[in-house]
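Notes for the one structure printed next.
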Amino acid sequence: MKQTLKQLQQLKGKRRISMLTAYNCPVARSIEQAGILTILVGDSVGMVEMGFSSTRDVTMEHMVYHIEAVRRGAPNTHIIGDLPHLTYENVDDAVANAKRIIAAGADSVKLEGPYFDAVKAIVNEGIEVVAHVGLTPQKATNFKKVGKSQAEAQQIIDESVELEKAGAGMIVIEHVPAELGEKLTQTLNIPTIGIGAGGETDGQVLVINDALGIGDYWPPFSKQYAHVSDTILKVATQYREEVETKQYP
Ligand code: KIV
């Protein structure tokens, strides 16, 4: 049954939280059937599904389209919808766009970086917020691990504490040293969801295309549970041959 972030917070220290991204209806349906607790309709959709070279090209319209599709496939799972790049630079935009993400079918919104006022304002409207620290692709110029120096790690810790104080109900930690993932998990009261942040966070998130092996590049910290692109190639090749030789239909 669909849970709120507040309910998911009760799992901290008791049960690991599973999260996968999804961008369309049939994949979301299978993810819900598997009992995954939370689905993230991430702006990673821009890179892994739409062929953009950055998540910065993703718009509100893209997010609304994909959230609506995922909701149709997963009516009973908590769905987090990403706020795209430059849609929460000021508090008014943040609130208006968060409302659009929720109206499309998400249960909470995620935003990247130390946008404390935006988090506060969205939470004041009764909308649950997931924060995102560490590597934040909307602003990053490369995809290298962050938080490796003492100073950088401390800044991420300080910002995460402030995001929790601002009202964030969960936090995604991307591509940081495992020790920092663990330290953040111990320091914060809200669940930490890691991606490339070691094994000691309260939960894990994977981009579904990485997990399925769709595409030709997967981050080194991700795991391929299947190689679906190989299967597509095999099926398409066999189909072409059968059409050309009249074996099909
Ligand atoms: O957009 C996304 O899929 C994300 C995950 C990588 C956490 O933000």
**Q.** Conditions (1) within 12 Å of the ligand (Cβ to nearest atom); (2) closer than 26 Å to residue 141 by Cα; number of the one not met by residue 90
**A.** (1)
Q: Kindly list, by first and then second residue, each pair from a residue in segment 178-197 that is on the phi > 0 side of the Ramachandran plot to a residue that is assigned to a loop (DSSP other than H, G, I, E, B), limited to pairs with Cβ atoms under 9 Å and residues at least 6 apart or on different chains.
A: 196/135; 196/145; 196/175; 196/176; 196/219; 196/220; 196/221; 196/222
Q. Could you list, in sequence order, the residues of segment 31-47 that are touching a Gly at 6+ places or on another chain (Cβ under 8 Å) and more than 16 Å from the ligand (Cβ to nearest atom)?
A. 32
Q. Among the residues of segment 131-151, how many are surrounded by fewer than 14 Cβ atoms within 10 Å (Cβ to Cβ) and either among the small types (Gly, Ala, Ser) or under 17 Å from residue 196 (Cα atoms) (or both)?
A. 6
Q. Which of the residues that make up segment 146-173 are within 23 Å of residue 40 (Cβ to Cβ) and in a loop (DSSP other than H, G, I, E, B)?
A. 146, 147, 167, 168, 169
Q: Inspect all residues belonging to segment 197-213 and state whether any of them is in a strand (DSSP E or B), out of contact with any Gly (no Cβ under 8 Å at 6 or more places or on another chain) and within 14 Å of the ligand (Cβ to nearest atom).
A: yes
Q. Of the residues that make up segment 60-75, is at least one on the phi > 0 side of the Ramachandran plot and either away from the ligand (no atom under 14 Å from the Cβ) or surrounded by 15 or more Cβ atoms within 10 Å (Cβ to Cβ) (or both)?
A. no
**Q.** Every residue from segment 170-180 that is more than 13 Å from the ligand (Cβ to nearest atom) and surrounded by 22 or more Cβ atoms within 10 Å (Cβ to Cβ)
**A.** 180
Q: Only strands (runs of 3 or more DSSP E) wholly contained in segment 36-117 count here; list those with 1 or more residues that are more than 24 Å from residue 229 (Cα to Cα), free of Cβ contacts under 8 Å to residues at least 60 places away in the same chain and not polar (S, T, N, Q).
A: 78-82, 108-112
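For (1) in contact with a strand residue (DSSP E or B) (Cβ under 6 Å, 6 or more places away or on another chain); (2) farther than 14 Å from residue 109 by Cα, each residue gets a yes or a no:
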{"site": "36", "(1), (2)": "yes, yes"}
{"site": "55", "(1), (2)": "no, yes"}
{"site": "58", "(1), (2)": "no, yes"}
{"site": "61", "(1), (2)": "no, yes"}
{"site": "72", "(1), (2)": "no, yes"}
{"site": "98", "(1), (2)": "yes, no"}
Q.
If a residue must be away from the ligand (no atom under 14 Å from the Cβ), over 21 Å from residue 187 (Cα atoms) and small (Gly, Ala, Ser), how many such residues does segment 96-155 contain?
A. 8
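A short reminder: the numbers here are calculations on the coordinates, not readings from a lab. Predicted model only: the values in this text are computed from it and were never measured. Using ideal geometry, Cβ is built from the backbone for each residue, glycine included, and neighbour counts are taken over all protein chains shown.
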